[in-house]
Amino acid sequence: MNAALQSETGPEGTAHSGRPEVRVTPSRFRNAIGKYIVRRSKECIACGKCADICPYGVHEFAGKTMARPKDYRCIGAACENNDFYCVRQCPQNALSVRLNPILEVLGDKRWTPELLISTWYMAETGEVPPGDIEYKIGDSGGGFDRIEFCFPPGREPDAVPDDEVSLRIPLNRRNDGRPEVEIDMPVYGGGMSYGSISLSVMIARARAYQAWNSFTCTGEGGYPEELYPYDDHVITQVATGLFGVREDTIQRVRIVEFKYAQGAKPGLGGHLLGDKVTPAVAKMREAVPGNALFSPFPFHSVYSVEDHKKHVDWIKHINPRALVSVKVSTPTDVDMVAVGSYHAGANIIHLDGSYGGTGAAPDIAKKNIAMPIEYAIVKVHNFLKEEGIRDEMTLIVSGGIRTAYDVAKAIALGADGVVVGTSELVAVECIRCAACESGRGCARGIATTDPELSKLIDEDWATQRLINLFAAWRRQLIEILRKLGMRDIRELVGRTDCLKHFDYE
């Protein structure tokens, strides 16, 4: 481990007080992808000066010669004015640095190459990337990329210790006799089913959220036995296909989520292609191997608030200690839907806007159907306030939330917390190739249940990468609060005066 990373993570074996330990967890591939490429010519004499001066660990010895540079750690142009700039300091002029040409084909406008690389860096180190790598926004020209924080000019961030800044949020505000559930950060994991992702990834998510005292969600694909040790940090989902839904699975958990629609593809329902319905997936879903599975839209038993209440009552009767979350997409009347869910007895309204979804969701649906989440949040937050019920309803949102800054912006718009999914997959080295649903699934072992491909993911490695990512996010959220003079994430809820939208200046 290089000196810079050691100083960032603390002595080996030392955990941050009261929080999961950050451990440097490098890429599982031989050549990690970075923004820059460092080349060493044959003029190199292995004097080791570059290894001595680089604080980022780009250069290392391999016996008596120099190893191939770990160029994904290089900060490139941002280093040119430093005394330790290896290119200038090399006595043989054997080093060169240039932009990695893979940036031209990697990612997309929402998940730009730099957002992918910065997320990988945070998952490896638990730290914000140094240099000029963009880690706050993408290049979509819309959504959270058109919103920024207005920090008070000339105001230094409060010198408050991390432990005195709270990111905790309650999930039950109804005072309905059900448990008072709190999570230590305003983030939990979205529904990704057994069948859509590998069992190793599901378990890693559960372990990481247990470490951070939050939740992961099973999605609509059943409840694998391997998740039983993490019951208190799992949300089980009930959706229209009712795959794997049993009394036992409802009774195991502290939160049950009804999925009425998904923001990435509202009105389309779910579809798991036959190649991904392996014998194990089919057994879990009580289906036939090799046959495509459909989760229709909508619940054909729900056409009114009264029908909706019957659903909520059913869950509450089966599990008297469970909170009920209702996940909906964002139609134009989403504010009325939220109020209806309150009167049906839900504890959490989960709005899922467009932009979200994995590569399994069609782009044309993601970009053209649901209301963008940044508009839906404000609409619902304000309507719940007008109805006098905002303080009793927990508002959770999702749909294209990629970074810690997206999390903070969503909360400033009116959300209590957020749900993420794609960020987790990127942390375990998804490259956004959008082939999640094809054939046997993800060639990187993430979105697949193929027995061979699934072996590409090690649970311990994936767990630590997720823990590290959230550690980096936590630091950024605390820094945002400090700059705004706040000490509790709940102070940020609905503070649109802290934001600037470039389209409405």
key: Crossing angle, helix 334-344 versus the chain [Cα axis fit, 0-90 degrees, rounded to tens]   = 60 degrees
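Defining a contact as two alpha carbons under 8 Å apart and six or more residues distant in sequence, what relative contact order in percent does segment 403-505 show?
Working: 86 pairs, mean separation 38.6, N = 103.
Dividing the mean separation by the residue count of segment 403-505 yields 38 percent.
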message = Nearest 10 degrees is fine. How inclined is helix 404-413 to the longest principal axis of the chain, computing both from alpha carbons?
response = 40 degrees
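Give me the Å³ per residue figure for the convex hull around the C-alpha atoms of segment 71-142.
Values: hull volume 7.5 nm³, N = 72.
So the per-residue Cα hull volume is 104 Å³.
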note = Of all DSSP beta bridges with both partners in the chain, the antiparallel percent, nearest 5, is 35 percent
inquiry  = Using Cα-Cα distances under 8 Å and only pairs 6 or more residues apart, what relative contact order does the chain have, in percent?
reply    = 18 percent
request  = Of the DSSP beta bridges with both residues in segment 122-272, give the percent that are antiparallel, rounding to the nearest 5.
outcome  = 20 percent
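If the chain between ASN81 and ASP132 were fully stretched, how many nm would it gain, using 0.36 nm times the residue separation less the Cα-Cα distance?
Values: separation 51, 0.36 × 51 = 18.36 nm, distance 1.33 nm.
Gain on extension, ASN81 to ASP132, equals 17.0 nm.
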query = At a Förster radius of 22 Å, what calculated FRET efficiency corresponds to the Cβ-Cβ distance of ALA435 and LYS109, to the nearest 0.05?
reply = 0.75
remark   = Bounding extents of segment 103-207 in its principal axis frame from Cα atoms, largest first in Å, are 54, 49, 29
note = Over all directions, segment 204-302 yields a Cα convex hull whose mean projected area in nm² is 6.8 nm²
Low-density loop positions, trypsin sites (Lys or Arg not before Pro), segment 271-331 - DSSP coil, at most 15 other Cβ in 10 Å = ARG321
inquiry  = In whole Hz and in residue order, list the ³J(HN,Hα) couplings for segment 160-174 that follow from phi through the Karplus curve 6.51 cos²θ - 1.76 cosθ + 1.60, θ = phi - 60°; x for Gly and Pro.
reply    = 9, x, 3, 5, 9, 10, 9, 10, 6, 9, x, 9, 10, 10, 8
Rule-of-thumb Rg ratio for segment 464-505 [Cα; 2.2 N^0.38 Å; N residues] = 1.45
message = Spelling out what I want: for every residue of segment 475-492, take phi, set θ = phi - 60°, compute 6.51 cos²θ - 1.76 cosθ + 1.60 (Karplus), and round to whole Hz; glycine and proline get x.
response = 4, 5, 5, 5, 5, 4, 4, 4, 5, 8, x, 10, 10, 8, 4, 5, 5, 7
key: Per residue Cα convex hull volume in Å³ - calculated over segment 325-466   = 123 Å³
task = With a 1.4 Å probe and every protein chain kept in, tell me what percent of the accessible surface of the chain is carbon plus sulfur.
result = 50 percent
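Please give the charge dipole size of the chain, origin at the Cα centre, charges +1 on K and R Cβ atoms and -1 on D and E Cβ atoms. Round to the nearest 20 debye. If you can, show how the numbers build up before the last one.
On the way: 59 positive and 66 negative charges, 203 e Å.
Dipole of the chain, to the nearest 20 debye: 980 debye.
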query = Which whole-number percent gives the relative contact order of segment 327-446, counting Cα pairs below 8 Å spaced six or more residues apart?
reply = 27 percent
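Are there trypsin sites (Lys or Arg not before Pro) in segment 34-114 that DSSP puts in a loop and that have at most 12 other Cβ atoms within 10 Å, and which ones? Can you show the working numbers first?
Values: sites: LYS35, ARG39, ARG40, LYS42, LYS49, LYS64, LYS70, ARG73, ARG88, ARG98, LYS109, ARG110; in loops: LYS35, LYS42, LYS64, LYS70, LYS109, ARG110.
Passing sites in segment 34-114 are LYS42, LYS64, LYS109.
Determine the per residue accessible area of segment 356-505 with all protein chains present and a 1.4 angstrom probe, expressed in square angstrom. Each step should come with its number before you reach the end.
Numbers: 5350 Å² over 150 residues.
Ligands and nucleic acids excluded, the figure is 36 Å² per residue.
Counting each DSSP H run of 4 or more residues in the chain as -39500 (n - 2.57), what helix-only mean residue ellipticity at 222 nm follows after dividing by all residues, to the nearest 500 deg cm²/dmol? Kindly include the intermediate steps, with their values, before the conclusion.
Details: 14 runs with 141 residues, N = 505.
After summing the helix terms and dividing by residue count, I get -8000 deg cm²/dmol.
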ask   = Could you give the radius of gyration (one decimal) and Dmax (whole number) of the Cα atoms in segment 414-505, in Å?
value = 18.2, 53
remark   = Sorting VAL426, TRP473, HIS501 by the position of each Cα along the dipole of the chain (Lys, Arg +1; Asp, Glu -1; all at Cβ), the one nearest the positive end of that ordering is VAL426
Quarter of the Cα convex hull surface for the chain, i.e. its orientation-mean projected area (nm²) = 24.2 nm²
message = What are the ³J(HN,Hα) couplings of segment 286-300, residue after residue, when phi is run through the Karplus curve with 6.51, -1.76, 1.60 and θ = phi - 60°? Round to Hz, x for glycine and proline.
response = 6, 10, 9, x, x, 8, 4, 10, 10, 10, x, 10, x, 5, 7
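The values are calculated or read from the model by the stated rules, or taken from the named source; none is laboratory data. Only a predicted model underlies this, so the values are computations on that prediction, with no experimental measurement involved. Don't worry about glycine lacking a Cβ; one is built from the backbone with ideal geometry, like all the others, and counts go over all protein chains shown. Protein only, heavy atoms only, side chains kept; ligands, DNA and RNA dropped before computing areas. Shrake-Rupley method; radii C 1.70, N 1.55, O 1.52, S 1.80 Å.
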